[in-house]
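Just so it is clear, none of the values below were taken in a lab; they were calculated from the coordinates. Here the structure is a predicted model, which is why all the values come from computation and not from measurement. All Cβ positions, glycine included, derive from the backbone under ideal geometry; neighbour counts span all protein chains shown.
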């Protein structure tokens, strides 16, 4: 049996551990996305607003808490979210850029899906949505 040097073993362990672990930002964002789905599908628009920065902007246009609240109050019940899947999170200081995939079901039973990008900003111990966009 071939012996591994200490350096080789260190490189193998270090490189595999680095790829397997998610950043705290990515974990937070994934949990926030699951909470968003629960709140949206149960009609809790006011709860959804808590995930946004007070000057946050929607993909559909418009910024600020009142605009975001009114948007989600008018959207709940029209469709249900099936998934928000985080594909990648890039973190630089207090800004995290998430790219992901969304899937929803319309009241008619049809499904729609696409990709999104969300800019999150660190606010104390939390990450909040500052800007979002639909990519397709």
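Here are a few things to note about the model shown:
- Whole-Å distance, taken between Cα centres, linking region 48-70 and region 74-116: 16
- Calculated on C-alpha atoms, the gyration radius of the chain divided by its Kirkwood radius gives an Rg/Rh of 1.13.
- Short-range pairs are left out: with C-alpha atoms under 8 Å and at least six residues apart, the relative contact order of region 24-134 is 25 percent.
- DSSP beta bridges confined to the chain are antiparallel in about 90 percent of cases.
- Region 78-136: proportion of alpha-carbon pairs further apart than 18 angstrom, %: 41
- Helix axis angle, 65-75 relative to the chain longest principal axis, alpha carbon, degrees: 80
- Listed peptides 86-95, 107-116 by packing density, highest first (mean Cβ within 10 Å): 86-95, 107-116
- Tilt relative to the chain, helix 6-20 - C-alpha long axis, 0 to 90 degrees, to 10: 10
- Degrees between helix 24-41 axis and first principal axis of the chain (Cα, 0 to 90, nearest 10): 30
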